[in-house]
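Chemist: I am attaching a structure below and will ask some questions about it afterwards.
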Amino acid sequence: MFPIKYRVWCKNNNEWEKDEIAIKPNGFIMHMSTKRSFPCMVRADTHIVQFFTGRKDRNGKEVYNGDIVDVDEGMGRFLVKWDEKETGFYLDYKGIDDEAVTLSTVENGEVIGNIFENPELLEVSPK
């Protein structure tokens, strides 16, 4: 079992949240700003939670959903995604059979960016 870790992207500021963020059991995202002495709830439509996959790339960097991974052996660049139906992470790339590439493939690759800061690394736009 791997630790539950996450990072939070703020759509309004186009940056990762630097203040402390907590996710309550009911799914609400709470923000503890250094400017306030009390937590406040943030809107889900302005913040995107990205969870740690439990995997690291060949350099030891943690892999989160939304990361872009360059896989060796000429396989290309993949976007790490979460599948609600299968309740699991997978690598997405147009034209590649899902069974040919598994999440364990990222251990041979390198995280080169993410869909928010580096969408140009893929030929898809963030949703």
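The values are calculated or read from the model by the stated rules, or taken from the named source; none is laboratory data. Treat the numbers as computed from the prediction; the structure is a model and nothing was measured. Glycine also receives a Cβ, built like all others from the backbone with ideal geometry; neighbour counts cover every protein chain displayed.
Chemist: Considering each residue of region 62-96, count those that are out of contact with any Ser or Thr (no Cβ under 9 Å at 6 or more places or on another chain), in a loop (DSSP other than H, G, I, E, B) and surrounded by 14 or more Cβ atoms within 10 Å (Cβ to Cβ), and give that number.
Modeler: Matching residues across region 62-96 total 3.
Here's the yes/no breakdown for (1) modelled with pLDDT of 85 or more; (2) touching a Leu at 6+ places or on another chain (Cβ under 7 Å); (3) hydrophobic (A, V, I, L, M, F, W, C); (4) within 18 Å of VAL106 (Cβ to Cβ):
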residue	(1), (2), (3), (4)
GLU20	no, no, no, no
VAL71	no, no, yes, yes
GLY76	no, no, no, yes
ASP83	no, no, no, yes
